[in-house]
Amino acid sequence: MSRPAHADARVQRVIEFFEGLQASDVQRMTRYYVADAHFKDPFNEVHSCTDIERVFAHMFKSLDGPRFVIRDVMLQGDQCFLSWDFHFRMKRFARDEQLIRGGSHLRFAPDGRIAMHRDYWDAAEELYEKLPLLGSLMRWLRRRANA
């Protein structure tokens, strides 16, 4: 089922970009991010579009079939929050499709490109617990912490 277009052109452009993102698109990040854009997720913090390209290139190099599905959108002024599902297969470990649920806080520059992109997701629950060996340890630690 296709989602109706978002009323804000900046948001619609971002949704289409992330839901259709392919490895070949990484070289075109300057269309979506300003040159000195700030990006942060649980593993990276970078301060340029060139470095953001490296983060996404690494994603495509490390994972099979990565894809985003945007679930919800909130927009206020130049700030936007997207909730998303990230589907992928890990090349080194599991062949089953994995799912990470998270969100992105975006701030748009005056020209409509992204000036700030901060991803929020729980690396322990959404990733580490799904890895062989490390997952067993993480689940054990979670049980101990909850006891």
Scanning segment 1-58 residue by residue, those within 13 Å of the chain's Cα centre (by Cα), surrounded by fewer than 15 Cβ atoms within 10 Å (Cβ to Cβ), in contact (Cβ under 8 Å) with a residue 12 or more places away in the chain and part of a helix (DSSP H, G or I) turn out to be 19, 57
Within segment 75-102, can you find the residues that are closer than 20 Å to residue 7 by Cβ, part of a strand (DSSP E or B) and touching a strand residue (DSSP E or B) at 6+ places or on another chain (Cβ under 6 Å)? 79, 80, 81, 82, 83, 84
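Would a scan of segment 81-104 turn up a residue that is farther than 24 Å from residue 122 by Cα and either surrounded by 13 or more Cβ atoms within 10 Å (Cβ to Cβ) or of a type in the set (Phe, Trp, Tyr) (or both)? Give the derivation first.
Residues of segment 81-104 that are farther than 24 Å from residue 122 by Cα, as a first pass: none.
Within segment 81-104 (the criterion being farther than 24 Å from residue 122 by Cα and either surrounded by 13 or more Cβ atoms within 10 Å (Cβ to Cβ) or of a type in the set (Phe, Trp, Tyr) (or both)), the answer is no, since none of the residues qualifies.
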Just checking, does segment 120-141 include any residue being in contact with a Lys or Arg (Cβ under 9 Å, 6 or more places away or on another chain), at pLDDT 90 or above, under 23 Å from residue 45 (Cα atoms) and not in a helix (DSSP H, G or I)? no
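The values are calculated or read from the model by the stated rules, or taken from the named source; none is laboratory data. Small disclaimer: the values here were computed from a predicted structure and weren't measured. Here Cβ is always computed from backbone atoms with ideal geometry, including for glycine, and neighbour counts include all displayed protein chains.
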